[in-house]
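Worksheet: one structure, shown below.
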Amino acid sequence: MPERVELNVAVEGMTDEAIVRRVLGELGHTAMRVFLSGGKGLLLERLLRYNTAARHFPWLVLIDLDHDAECAAAARALWLPSPSDDMCS
């Protein structure tokens, strides 16, 4: 059985929080702290700080793709070209 992971999470709003908590729970993982940014713009402004924090503790950041890129991988490369080892975005 895979190891249980505890991580910090950053999301845009309450709906995203509920989704992340449900998915993590189904996988047997736990969100230690959830940061609600109050919108995509604010979350993107804080992304580099969350990435720095991921050097010390696992992080998951969920950002709506909307129409910012063709796919999630392209958006991640644009928004966070050098993710920390423990950053999942």
message = Suppose we filter the stretch 36-64 for residues that are within 16 Å of Val11 (Cα to Cα), touching an Asp or Glu at 6+ places or on another chain (Cβ under 9 Å), open to solvent by 40 Å² or more (accessible area, probe 1.4 Å) and not acidic (Asp, Glu); how many remain?
response = 4
ask   = If we scan the stretch 65-74, do we find a residue that is in contact with an Asp or Glu (Cβ under 9 Å, 6 or more places away or on another chain), of a type outside the set (Val, Ile, Thr) and touching a residue at least 24 places away in the same chain (Cβ under 8 Å)?
value = no
ask   = If you take the residues in the stretch 25-35 that are out of contact with any helix residue (DSSP H, G or I) (no Cβ under 6 Å at 6 or more places or on another chain) and part of a strand (DSSP E or B), which one is surrounded by the most Cβ atoms within 10 Å (Cβ to Cβ)?
value = Phe35
key: Search result, residues across the stretch 48-89 that are modelled with pLDDT of 95 or more, assigned to a helix (DSSP H, G or I) and under 23 Å from Arg22 (Cβ atoms)   = Tyr50
key: Scan of the stretch 1-24 for residues that are open to solvent by less than 50 Å² (accessible area, probe 1.4 Å) and assigned to a helix (DSSP H, G or I), ordered by number   = Asp16, Glu17, Val20, Leu24
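The values are calculated or read from the model by the stated rules, or taken from the named source; none is laboratory data. It should be emphasised that the depicted structure is a prediction, and the values quoted were computed from it without experimental measurement. Positions of Cβ are backbone-derived with ideal geometry, glycine not excepted, and every protein chain shown enters the neighbour counts. Surface areas here come from the heavy atoms of the whole protein model, side chains and all, with no ligands, DNA or RNA. Shrake-Rupley method; radii C 1.70, N 1.55, O 1.52, S 1.80 Å.
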